[in-house]
């Protein structure tokens, strides 16, 4: 899909935003085997427990196009799949606190990339206001990935898994990511079609 978009003039730039979202799976055992899906796992986010899988994405920082997607169980940490989300030509990589301290991993996958992930600004007895302001500035770019997740979940209904196992759900996620990319650049593609 991205090759088709490149032929239409929509290019992936050198900035990447990485993030992950949880896709819910039924935790019920009311099925034939009387078991939950063995490939899905549970994880805790805040004070809430979730059961399902994670969709990790690498999104272009200017066009919001998804260039990389990886599917794991929900209990896999976001930072473990970071090298798979980078295409290697980045000059900047944005991410939330889940990717903190991954500068060497970023340099290994994209040697020219600058680490723009969020830093810790709270300490035991004080708050570093300078680092907090930097994080707020980084969030302006990083928030674009949340728009992608909004389209994925609200427009295309990928809130829950539909199949058992990660492989089938990964296939569905990749097809949905292609649809998300088309949805994001739909106005530009319609302008090109009328010309």
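Please treat every number below as a calculation from the coordinates, not as lab data. Remember, it's a predicted structure, so these values are computed and weren't measured experimentally. Here Cβ is always computed from backbone atoms with ideal geometry, including for glycine, and neighbour counts include all displayed protein chains.
Rounded, prolate or oblate: which fits the range 2-194 when a ≥ b ≥ c are the square roots of the eigenvalues of the alpha-carbon gyration tensor, with rounded for a/c under 1.5 and prolate only if a/b beats b/c? Judged from the Cα gyration tensor, the range 2-194 comes out oblate (a/c at least 1.5, b/c at or above a/b).
Taking the chain as a Gaussian network, Cα atoms linked when under 10 Å apart, which of 135, 31, 181 shows the biggest mean-square fluctuation? Top of the fluctuation ranking is 31. Given a Förster distance of 22 Å, report the FRET efficiency between residue 189 and residue 146 from their Cβ-Cβ distance, rounded to the nearest 0.05. That pair, residue 189 with residue 146, gives E of 0.40. Could you let me know the centre-to-centre spacing of the range 130-195 and the range 38-53, using Cα atoms, in angstrom? First find each Cα centre; the distance between them is then 21 Å.
Taking the DSSP beta bridges with both ends in the range 2-194, the antiparallel portion is around 75 percent.
If a/c stays under 1.5 just call it rounded; otherwise compare a/b with b/c (prolate if a/b is bigger, oblate if not). Do that for the range 1-60, with a ≥ b ≥ c from the square roots of the Cα gyration tensor eigenvalues. Since a/c reaches 1.5 but b/c is at least a/b, the shape of the range 1-60 is classed as oblate. Note on the range 50-97: Rg/Rh from Cα positions, Kirkwood definition for Rh, rounded to two decimals, is 0.98. Taking a ≥ b ≥ c as the square roots of the eigenvalues of the Cα gyration tensor, the range 85-163 is oblate, since a/c reaches 1.5 or more and a/b is not larger than b/c.
Highest mobility in the GNM of the chain, judged by mean-square fluctuation with C-alpha springs under 10 Å and restricted to 83, 38, 26, is found for 38. Label-to-label distance for residue 156 and residue 27 is 2.7 nm, based on points extended 7 Å past Cα in the beta-carbon direction.
Measuring nothing but how far apart in sequence close Cα pairs (under 8 Å, 6+ apart) lie, relative to its length, the chain scores a relative contact order of 22 percent. Report summary: the helix-based calculation at 222 nm, which adds -39500 (n - 2.57) for every DSSP H run with n ≥ 4 and divides by the residues of the chain, gives -9500 deg cm²/dmol.
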